[in-house]
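Please read the structure below before turning to the comments.
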Amino acid sequence: MKVLIIGHGCNPLASSEPGLTWNWAFHMARTNTVHLLSYPHARLETERFMADHPCPSLNVHWVDAPHPLARLNQPGGEKGIRLHYLLWLRKAMERARELHGIYRFDLVHHVGWGTVSVPTPFWKLGIPLVWGPLGGGQTPPQSLLPLFGSERWKEMLRTLRVKALPFWPALRKAVQRSAVLLATNPESERVLRSAGAERVTMLTDSALREDYLPSVPPNRTGQSRIRVLWASKLLRWKGVDLALRAMQQLGEQSGVHLVIAGGGPLTGELEATIKTLGLQHSVTAKGPVPWRDMPDEFSSADVFLFTSVRDSFGSVILEAAAHRLPIIHLNLGGAGAALPSDAGIKIQPSTVKATAESIAKALAYMRDHPDARARMGQAAYDFAKANLWPRHASIMQEIYRECAASGGQR
């Protein structure tokens, strides 16, 4: 089949949305002729990778945004990114029409941004449209809103906007015109169904390359002192404050050391909070860690802590699981729905104080039960092995076949 894939970010050497776009395109090109439309933020890295890993059936077309807006999409930047993306979509739609006039695609697959909050326009090409996997329908529990501090009002407005999404004509039209809708968590599935979708297929947006799994399992002994890894961008909704409050509950002599790998808008605030809470000896803030260096962080940790209060799923969870790390996470979003219960400890969110206390108890349990850590780590590893890109591509290929055979009618 001739497939047009749309993904704003594309980088084979990155995680999150750029890595997801690349992997969908690269793996679907093994059984189809794929044309990918993407923004040239990581063009150099992508073209170098393609030169070293030839894939004749993958063709990348770079679509830039208007020049003044291109400056808004710098590494680590958030300001103006939504406006940038909306205007980039307009350019991508123009280019998609041109390419369809040349190649006559069998279907179009819009993979990124994978969010219900920005309706796809690519149904206008008049060919079957696969949209997703989609997140963006998740909202934090009201009891955890204090985590957002002065940005609490912004999060409340976002929650209201998500609740109103099903009534938005643009989303309803995109849902009705999509041949296939894919959701990465139950909350986003509910938004799509409320917007008129009769059928939504659940599929996580994240998977692992086969070569990502360590050839030799990390050597972890049953020591009574453990290293806990937290890795993400420092944004309010990632919940790093929950991790710090839990460490405060445990105390300086707990035998638990927390390593925070990530940078972002809250970097200065994080460093100040660590000092204010007196956690200088039990918490290390490493700042941004390049994706290529993250396997070393996973291998040297004993537990992975994921405190996001509204994530679609989180590629980092699979990456941690691949290194046999038991995972402590909130029972929310894609992580709550997809991760097996024996792969770690699910925290039922309550108030900020109670949730932090539950995390502290989970950390203490991990410290005191090395055999349980090992069992959970193995269950996490088994989950990671079951979520490799070839399997994801096989599922998607079947969706493509069914979609093309039915002319977009499911």
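The values are calculated or read from the model by the stated rules, or taken from the named source; none is laboratory data. All figures in this text were calculated on a predicted structure; none of them were measured in a lab. Note: ideal-geometry Cβ built from the backbone for every residue, glycine included; neighbour counts use all protein chains shown.
Suppose the filter is under 22 Å from the mean Cα position of the chain (by Cα), more than 21 Å from residue 27 (Cβ to Cβ), assigned by TED's automatic domain parsing to the domain that holds residue 17 and surrounded by fewer than 16 Cβ atoms within 10 Å (Cβ to Cβ); does residue 161 pass it?
Numbers: under 22 Å from the mean Cα position of the chain (by Cα): yes; more than 21 Å from residue 27 (Cβ to Cβ): yes; assigned by TED's automatic domain parsing to the domain that holds residue 17: yes; surrounded by fewer than 16 Cβ atoms within 10 Å (Cβ to Cβ): yes.
Yes, satisfied.
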Exercise for the section: Report whether or not residue 143 is of a type outside the set (Val, Ile, Thr) and at pLDDT below 95. Expected result: no
Exercise for the section: Give the residue that is surrounded by the fewest Cβ atoms within 10 Å (Cβ to Cβ), with candidates limited to residues of segment 10-32 that are under 11 Å from residue 57 (Cβ atoms) and of a type in the set (A, V, I, L, M). Expected result: 29
Fill in the blank from the handout: If we ask which residues in segment 360-402 are within 17 Å of residue 24 (Cα to Cα) and more than 22 Å from the chain's Cα centre (by Cα), their number turns out to be 3
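Could you please let me know if residue 57 is among the hydroxyl-bearing types (Ser, Thr, Tyr) and touching a strand residue (DSSP E or B) at 6+ places or on another chain (Cβ under 9 Å)?
Working: among the hydroxyl-bearing types (Ser, Thr, Tyr): yes; touching a strand residue (DSSP E or B) at 6+ places or on another chain (Cβ under 9 Å): yes.
Against the criterion (among the hydroxyl-bearing types (Ser, Thr, Tyr) and touching a strand residue (DSSP E or B) at 6+ places or on another chain (Cβ under 9 Å)), residue 57 qualifies.
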Completion exercise
Residues of segment 98-122 being modelled with pLDDT of 95 or more and either closer than 18 Å to residue 401 by Cα or surrounded by 24 or more Cβ atoms within 10 Å (Cβ to Cβ) (or both), in sequence order, are 104, 105, 106, 107, 108, 109, 110, 111, 116, 120, 122
Fill in the blank from the handout: Counting only residues that are surrounded by fewer than 24 Cβ atoms within 10 Å (Cβ to Cβ) and either polar (S, T, N, Q) or touching a Ser or Thr at 6+ places or on another chain (Cβ under 8 Å) (or both), segment 33-45 contains a total of 1
Handout entry: Within segment 1-71, strands (runs of 3 or more DSSP E) holding 3 or more residues that are closer than 20 Å to residue 93 by Cβ and touching a residue at least 40 places away in the same chain (Cβ under 8 Å)
Key = 2-7
Problem - Number of the condition not met by residue 317 [criteria: (1) touching a Pro at 6+ places or on another chain (Cβ under 7 Å); (2) touching a residue at least 60 places away in the same chain (Cβ under 8 Å)] - result: (1)
Completion exercise
Reported set for segment 123-134 where residues are surrounded by 24 or more Cβ atoms within 10 Å (Cβ to Cβ) and out of contact with any Asp or Glu (no Cβ under 7 Å at 6 or more places or on another chain) is 128, 129, 130, 131, 132, 134
Problem - Selection count, segment 382-395, where residues are in contact with a helix residue (DSSP H, G or I) (Cβ under 6 Å, 6 or more places away or on another chain) and either assigned to a helix (DSSP H, G or I) or of a type in the set (Asp, Glu) (or both) - result: 4
Exercise for the section: With the condition kept exactly as written, say whether any residue in segment 311-331 is surrounded by fewer than 22 Cβ atoms within 10 Å (Cβ to Cβ) and at positive phi. Expected result: no
